[in-house]
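Please read the structure below before turning to the comments.
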Amino acid sequence: MSPDVERAWWPPYAIVTDGLRRVGRDDIADALRDAVQGGATGTEIIGRVGLVLRAHDRRRALLAPDEKRAWDAMMRRVNRLNPPQALVYWILRRLRP
């Protein structure tokens, strides 16, 4: 998917992947890209993206404020699809900001 298509498809995704590449975390940006490309349905894509974001939650601190807001927007979308996991994520964010 080209960067222009990414921006049109899911703007927060493009902002986060650009930010991760900016801070030298190409591995996480690539994992997000693989999560998107490996999903067959929208729900599967969102779930896979959520797994990547949760696994690298501490790396959110490396991002600029607008990139953090985009990360949070992505997580809100992920959490809407999985309310029980949203509660776990909310608790973990309070324990380790």
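Readers should treat all values here as calculations from the given coordinates under stated rules, not as data from a laboratory. Quick caveat: nothing in here was measured; it's all calculated off a predicted structure. All Cβ positions, glycine included, derive from the backbone under ideal geometry; neighbour counts span all protein chains shown.
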### Query
Okay, helix-only estimate at 222 nm for the chain: each DSSP H run of n ≥ 4 adds -39500 (n - 2.57), divide by all residues, round to 500 deg cm²/dmol; what do you get?
-24500 deg cm²/dmol
### Query
Can you give the extra length, in nm with one decimal, that the chain gains between Ala8 and Arg69 once fully stretched, where that is 0.36 nm per residue apart less the Cα-Cα distance?
20.2 nm
### Query
How do Val16, Val52 rank when sorted from fewest to most other Cβ atoms within 10 Å of their own Cβ?
Val52, Val16
### Task
Starting at the first residue of region 85-94, write each ³J(HN,Hα) from the Karplus equation 6.51 cos²θ - 1.76 cosθ + 1.60 with θ = phi - 60°, in whole Hz, x for Gly and Pro.
5, 4, 5, 4, 4, 4, 5, 4, 5, 6
#### Entry: Backbone HN-Hα couplings from phi across region 39-47 [Karplus 6.51/-1.76/1.60, Hz, Gly and Pro as x]
x, 9, 10, x, 5, 5, 4, 4, x
### Query
Tell me, what ³J(HN,Hα) does each residue in region 55-60 have, in order and in whole Hz, if you take phi through Karplus 6.51 cos²θ - 1.76 cosθ + 1.60 with θ = phi - 60° and put x for Gly and Pro?
5, 10, 4, 5, 6, 4
### Message
Let me check against my output: what whole-number percent is the relative contact order of region 3-95, with C-alpha pairs under 8 Å and at least 6 apart?
### Response
28
### Summary
Answer in debye to the nearest 20: the dipole magnitude of the chain about its Cα centre, from +1 Lys/Arg and -1 Asp/Glu charges placed on Cβ, is 540
